Structures are given as C-alpha cells and as structure tokens.
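First comes the structure, then the notes that go with it.
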Amino acid sequence: MNQEIWTRVDDYFAGLFAQEDDILKTVLRNSADEGLPPYHVSPCQGKFLQLLIEIQNSKRVLEIGTLGGYSTIWMARALGGNGLIVTIEAVEKHAAVAARNFELARQSNIIRLIHDDAKNALQLLINDGNEPFDLIFIDADKPSNPVYLDLAFQLSRPGTIIVGDNVVREGEVTNQNLSDDKVRGVRKYCQGLSENPLLNSTAIQTVGSKGYDGFTLTVVKGDESTSHPFQC
Ligand code: DHB
Ligand code: MG
C-alpha cells in the first residue's frame, strides 16, 4: 500500500476539481468532533456524485447511509435548489449531526432526513407508492447491502443510476473467507447486481485519500419513457 502518494495525488486533483469550501470543512470537523467514523466520501468522490447528477439531470436522489451528511451536501448542491434528496440514517447521533450540518449548509429545504433503520424506511417508501428515484447511493452498513439492493430496485425505474460504495475493501472482496460479514455483504450485493437481468453494472477500483476501495455503478435497464418503478 502506498497511502502517502494516493493522498498526495487525491489532494492535487481535489485542489483542481473539488475544492471544499468552509461549509464542507466545518461539516467534516463537526462530524469528527462528535466522534463519527471517517467513512465519508472524499472531495473527488463527492464531485463524482455531483457530476452523475448533472449528467443524468437527476431530480430525486436516495441515499442509504447519511453519516454526517457530507456526501448528501455535495449531492444537494448539484440539485441546485430544486429536486429532493431522501437520506436514511439509522444511528441517532449521526442523524443529529447530519441535521445540524444540513442547516449549516442551507440545504435542509431539499433534504428529507429519515432517522430509521434503512430496511424499515425503504419498505415504508415502497408501501407509500413513492415516485421512483433517479439516482440511488448505497453507502450504509455493508452486511445489509443485498437487502438494500432489493429495496432500492423497487424504488427505481428504467434509467435509474445506482452507486454502491466500498465494494473493494482493500481487495478483501475476492477473499472468500466468509468470516467478515462486510465482505460477505458486498459480495452478495455484487452477485445480486450481476444476476438481475434488468441491471447493467460495472465496478471500479479506486485509490486515494480514503485508501484502496471502489464502487459499483449500475444503470437500470429498460425504456426510460415508462417511468414506473419496479414494484408490485
Ligand atoms: C466503511 C463504510 C464506508 O461507507 C466507507 O466509505 C468506508 C468504510 C466500513 O463500514 O468499513
Ligand atoms: Mg462509504
């Protein structure tokens, strides 16, 4: 591993393309001060999510796993005042920090923060007949990833983009040692992506300030003019 150079290069690109303003810096400081784990995305990854939103012209974004809301704020800024982000956080303290950060970033008006177990919250959204989401970012507890995929799929439509964070785990994804339930979760998630004929996916390994990891990128297949979610 060569963390020092990965961080230096990431900082270089962030300086060019993804500079954090004072608000984003304060958001991370608040999160660290409150003892949240450093599992937030990097600035370049936040910018990547923004670009996906811009490319797709997303209006409705679903985030599973808010943590302190850092990625949420990157994405909210890409929506530019219209649209909606529904973001789900199970841990009360994380949700409280995120709520404060959304106020600080003046994005609370387009962010609906749900403090609940994500499986429960997603099932409620499905039961409510929620409109499908354009982009879904899965970044919560990894053992639950296969379930999140099933539920996210039911909240999708043809053309929905699904991004799954942290699927490489320093290469552990190819380690079939089934004792790590995070690895088990991401492997089952990736298997689920590959086996669903309506999902079209790839996985990209990354190095950078967040170490050696990676993400999946998926598009839901089908005719985009039929905007029905895949739910019964
Ligand atoms: C973990 C979770 C994350 O969302 C992340 O970005 C990095 C690590 C984890 O649970 O180990
Ligand atoms: Mg993550």
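Every number in this text was worked out from the coordinates using simple rules, so none of it is lab data. A quick note: this is a predicted structure, and the numbers were derived from the prediction, not measured. Backbone-built Cβ (ideal geometry, glycine too); neighbour counts: all protein chains shown.
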If you go through region 195-205, how many residues are polar (S, T, N, Q) and either farther than 29 Å from PRO43 by Cα or touching a residue at least 60 places away in the same chain (Cβ under 8 Å) (or both)?
-> 1
Filter pass, ASP150 being away from ligand 1 (no atom under 11 Å from the Cβ), under 16 Å from the mean Cα position of the chain (by Cα) and acidic (Asp, Glu) = yes
Provide a single number: the residues in region 1-31 that are more than 16 Å from ligand 2 (Cβ to nearest atom) and either among the hydroxyl-bearing types (Ser, Thr, Tyr) or within 23 Å of ASP141 (Cβ to Cβ) (or both).
-> 4
Region 40-62, residues that are within 14 Å of ligand 2 (Cβ to nearest atom) and not in a helix (DSSP H, G or I) = HIS40, VAL41, SER42
Among the residues of region 80-90, is any within 16 Å of ligand 2 (Cβ to nearest atom), among the acidic types (Asp, Glu) and in contact (Cβ under 8 Å) with a residue 60 or more places away in the chain?
-> no
Got a sec? Which of LEU28, LEU36, LEU24 is more than 15 Å from the chain's Cα centre (by Cα), surrounded by fewer than 23 Cβ atoms within 10 Å (Cβ to Cβ) and part of a loop (DSSP other than H, G, I, E, B)?
-> LEU36
Residue among PHE133, PHE137, PHE153 that alone is within 16 Å of ligand 2 (Cβ to nearest atom), in contact (Cβ under 8 Å) with a residue 12 or more places away in the chain and among the aromatic types (Phe, Trp, Tyr) = PHE137
Wholly within region 118-232, strands (runs of 3 or more DSSP E) carrying at least 1 residues that are among the polar types (S, T, N, Q) and within 30 Å of THR7 (Cβ to Cβ) | 199-208, 211-220
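Suppose the filter is out of contact with any strand residue (DSSP E or B) (no Cβ under 7 Å at 6 or more places or on another chain), away from ligand 2 (no atom under 16 Å from the Cβ) and among the acidic types (Asp, Glu); does GLU195 pass it?
yes
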Within region 59-76, residues being buried (at least 21 other Cβ atoms within 10 Å of the Cβ) and either of a type outside the set (Ser, Thr, Tyr) or more than 16 Å from ligand 1 (Cβ to nearest atom) (or both) number 12
